[in-house]
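Worksheet: the structure to be examined is printed underneath.
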Amino acid sequence: MKGLKKLALASAIAAAPFAAQAELRALDDGAMGNVTGQAGVTIELETKVDVGEFRYVDEGSFAVSGIHIGGGNLVTDADGNITGVDGLLDDLKIDIDVEADGDAVIHVGNVNGQVPIDFTVGIESASLRAQGVSAANATDSNSTLLASNIGIVGNLAQLDIRVDTETDHLITDVAFNITNMDMDVDFLGVNIRGMQVMGANFFEEVAENGQPTTAAGLFAAAQITISKATGTGSANGDALQIEVPQFATDINVAATEIGGTSIGTIQLDNLVISQTTMKVYGHE
C-alpha cells in the first residue's frame, strides 16, 4: 500500500504546475462519482534483470552468484557455463486496483491478451561459505559449491495477488510450468537434465494425445496465503505463516547423470502437496 501512496504523491507533484495556472472549482456529487469510479492503474513492462550476487549472511553465508532473469534463451560460454539470457521478460501488463472494501488487487497478464508469459532464469552458482569468505577468496576448504549452471525455462499462465483487509492475508493464485530445467549439483556429483514441472494431467494427456492439450495438463497451479501467525516458539510470539491448501503437479526428469552417465528417467505422476502450513521465525 505504501507504493500506491508514493504513486499518488508523485502524480500530485507532477500536476502542481498545471493546477497553479488553472481555475480551481469544487466538484459536484456527479463529478466526484466519476472520479471515485475510475478503474485503477495499468503498468506495461519489459525488463531484463542481472544480479551479480545475492548473499544471506548468518555466521557463515549462503551465496547465489550470477542471477539472470529475462526471456529467450540461456547464453553460455565455450565451456557450456551459463553467462546470461539473450531476451527480455516482456509483454507484461500489471493491473492494480483498490476495491470498495479496501482490498488491493494485482493481476499480471499479457499485453496482447494472450497467455502464457514466457520466462528464462539462469543462475551461475550457489554456494556455502565460511565466515568472512567472499567469492574472490573462496577455496575448497572454506566454501562448498552446492549447484551451478542452473537454467530454467518456463511459462507463467496466471498470477493474481490480493491483500485482504478483512483477514490481513496476502493471497496469491499462480499457475505456471517449467518446460526445461538443467542443473549441476556439484557437491553430490549429480547432474539434472531436461526436468519439467507441468500440470497434474500432463502424463495422462501425453499418453492419450502425444502432448498436453488442456490447462490442467500444461500448468501446475496453487494458491498461497501469507499472514502473521501467533502462539509459536518465537521470541515475541510472532511468525510468518505460509499456507498451501493444495499444489498438484507432474514432474519429469529426462536424465539424471551420475559420473557423467545417465542412470535413467525419473517421473513423479500426480504429486499432490496439500493442507500444508509453514511457520517461519528466527532463533538464537
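If packing is taken as the average number of other Cβ atoms within 10 Å across a peptide's residues, how do 193-202, 105-114, 217-226 rank, most packed first? Write down the numbers at each step before the final one.
Numbers: 193-202: 20.3, 105-114: 14.1, 217-226: 18.7.
Taking the mean over residues of other Cβ atoms within 10 Å, the ranking is 193-202, 217-226, 105-114.
Could you rank the peptides 39-47, 85-93 by their average count of other C-beta atoms within 10 Å per residue, with the highest value first?
Values: 39-47: 12.0, 85-93: 17.8.
Sorting 39-47, 85-93 by mean packing, highest first, produces 85-93, 39-47.
Under a point-charge model restricted to the Cβ atoms of Lys and Arg (+1) and Asp and Glu (-1), what is the dipole moment magnitude of the chain relative to its Cα centre, in debye to the nearest 20?
Values: 12 positive and 39 negative charges, 112 e Å.
For the chain, the charge dipole is close to 540 debye.
Leaving out ligands and nucleic acids, note down the accessible area per residue over segment 126-220 with a 1.4 angstrom probe, in whole Å². Walk me through the numbers on the way to the answer.
Values: 4750 Å² over 95 residues.
Value for segment 126-220: 50 Å² per residue.
Figure the gain on full extension for ALA215 and ALA130 (residue separation times 0.36 nm, minus the Cα-Cα span) and round it to one decimal in nm.
Values: separation 85, 0.36 × 85 = 30.60 nm, distance 4.51 nm.
Working it through step by step, the gained length comes to 26.1 nm.
With the crude spin-label approximation of a point 7 Å out along Cα→Cβ, what separation in nm comes out for THR230 versus VAL280?
Taking the two extended label points, one gets 2.2 nm.
Assuming R0 = 35 Å, can you tell me the calculated FRET efficiency for the pair SER65 and GLU204, based on Cβ-Cβ distance, to the nearest 0.05? Let's see the in-between values first.
Details: r = 40 Å, r/R0 = 1.13.
It comes to 0.35.
Looking at the calculated P(r) for the chain, what percent of the C-alpha pair distances fall above 27 Å?
Across the chain, Cα pairs with separations above 27 Å total 59 percent.
Within 13 Å, Cβ to Cβ, of GLY199, how many net charges do the neighbouring residues add up to if Lys/Arg are +1 and Asp/Glu are -1?
Details: positive: none; negative: GLU204, GLU205, ASP250, ASP269.
Overall, the nearby charge balance is -4.
Using DSSP to call loops (not H, G, I, E or B), can you name the GluC sites (Glu not before Pro) in segment 143-223 whose Cβ has at most 13 other Cβ atoms within 10 angstrom? Before the final figure, lay out the partial values.
Working: sites: GLU166, GLU204, GLU205, GLU208; in loops: GLU166.
Those that pass, being in a loop and sparsely packed, are GLU166.
Taking K and R as +1 and D and E as -1, what net charge do the other residues with C-beta under 12 Å from the C-beta of GLU44 add up to?
Working: positive: LYS93; negative: GLU46, ASP90, ASP91, ASP95.
Local net charge: -3.
Considering the options GLN158, GLN131, ALA216, tell which one lies farthest towards the positive end of the dipole of the chain, charges being +1 on Lys and Arg and -1 on Asp and Glu at the Cβ, about the Cα centre.
After comparing all options, I get GLN131.
Out of all DSSP beta bridges with both ends in the chain, state the antiparallel percent to the nearest 5. Don't skip to the end; give the middle numbers.
On the way: 107 of 107 bridges.
Close to 100 percent.
Report the local net charge at GLY233: Lys and Arg +1, Asp and Glu -1, summed over other residues whose C-beta lies under 14 Å from its C-beta. Show your work: numbers first, answer last.
Numbers: positive: LYS279; negative: ASP238, GLU284.
Here the charged neighbours net out to -1.
If you wrap segment 157-277's Cα atoms in a convex hull and average its projection over all directions, what's the area in nm²?
Mean projected area for segment 157-277: 10.5 nm², to one decimal.
For PHE54 and GLN114 in the same chain, what is the full-extension length gain: residue separation times 0.36 nm, less their Cα-Cα distance, in nm?
Details: separation 60, 0.36 × 60 = 21.60 nm, distance 3.31 nm.
Gain on stretching PHE54 to GLN114: 18.3 nm.
On average over all directions, what projected area in square nanometres does segment 226-284 have, based on the convex hull of its Cα atoms?
Details: hull surface 27.5 nm².
One quarter of the hull surface, i.e. the mean projection, equals 6.9 nm².
Where the accessible area of segment 96-234 is counted over protein heavy atoms with a 1.4 Å probe, how much of it, in %, is carbon and sulfur? Numbers along the way, then the final one.
On the way: 3780 of 6940 Å².
Heavy-atom surface of segment 96-234 belonging to carbon and sulfur, 1.4 Å probe: 54 percent.
Treating only the Cβ atoms of Lys and Arg (+1) and Asp and Glu (-1) as charged, compute the dipole magnitude of segment 42-152 about its Cα centre; round to the nearest 20 debye. Could the numbers behind the result be given before it?
Details: 4 positive and 19 negative charges, 98 e Å.
About 480 debye.
Answer rounded, prolate or oblate for segment 86-242, using the Cα gyration tensor with square roots of eigenvalues a ≥ b ≥ c: rounded when a/c is under 1.5, else prolate when a/b is larger than b/c, else oblate.
Working: a/c = 1.90, a/b = 1.14, b/c = 1.67.
Because a/c hits 1.5 or more and a/b fails to exceed b/c, segment 86-242 counts as oblate.
Based on the Cβ-Cβ distance from GLU99 to GLU44, what FRET efficiency comes out when R0 is 30 Å, to the nearest 0.05?
The formula returns an efficiency of 0.85 here.
Please work out how much length the chain gains when fully extended from ASP173 to LEU145, using 0.36 nm per residue of separation minus the C-alpha to C-alpha distance, in nm with one decimal.
Working: separation 28, 0.36 × 28 = 10.08 nm, distance 3.39 nm.
Taking 0.36 nm per residue and subtracting the Cα distance, the gain is 6.7 nm.
The values are calculated or read from the model by the stated rules, or taken from the named source; none is laboratory data. Remember, it's a predicted structure, so these values are computed and weren't measured experimentally. Note: ideal-geometry Cβ built from the backbone for every residue, glycine included; neighbour counts use all protein chains shown. The accessibility values were calculated without ligands, DNA or RNA, using every heavy atom of the protein model including side chains. Shrake-Rupley method; radii C 1.70, N 1.55, O 1.52, S 1.80 Å.
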